[in-house]
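Below is one structure, written out as structure tokens, with a few remarks after it.
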Amino acid sequence: MLRLVCTPVHWVVKTLVCAMQVADSDMIMTVKEVADYLRASQRVVCRLTVLRKLPAFKVGANWWFRRSELDAWISAQWPADGLSGAAGGCESQGRIQCEARP
């Protein structure tokens, strides 16, 4: 009869595997990761965070972001029907990209 013995190494590997299976929506992100995710500069992310435009929390001197909250924020930026607003206007005028300018 084969019996498996649980050693500290097995426990560490099991813990790492469980940690990797955590849903992406629960992921905590840094300013750099958010900038990459939003395809914006780190400076823009910092500015929006300080102005409380992006959902974030601060630990010490560092800002941290929950991916699920960012996804909700992104969804709130788009119109409900997905067609009206600035994007719909640009598409109807045959433009490829839209840039909001104050």
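I'd like the full set of residues that are touching a Ser or Thr at 6+ places or on another chain (Cβ under 6 Å) and either modelled with pLDDT under 95 or surrounded by fewer than 11 Cβ atoms within 10 Å (Cβ to Cβ) (or both), limited to the stretch 7-61.
Once the filter is applied, which keeps residues that are touching a Ser or Thr at 6+ places or on another chain (Cβ under 6 Å) and either modelled with pLDDT under 95 or surrounded by fewer than 11 Cβ atoms within 10 Å (Cβ to Cβ) (or both), the stretch 7-61 yields only S25.
Residues that are without any contact (Cβ under 8 Å) to a residue 40 or more places away in the chain and in contact with a helix residue (DSSP H, G or I) (Cβ under 7 Å, 6 or more places away or on another chain), at least 3 per element: which helices (runs of 4 or more DSSP H) completely within the stretch 22-77 meet that?
Where helices (runs of 4 or more DSSP H) fall fully within the stretch 22-77 and carry at least 3 residues being without any contact (Cβ under 8 Å) to a residue 40 or more places away in the chain and in contact with a helix residue (DSSP H, G or I) (Cβ under 7 Å, 6 or more places away or on another chain), they are 31-38, 42-50.
The values are calculated or read from the model by the stated rules, or taken from the named source; none is laboratory data. Please read these numbers as outputs of a predicted model, since none were measured by experiment. Reconstructed Cβ throughout: ideal geometry from the backbone, glycine too, with neighbour counts over all protein chains shown.
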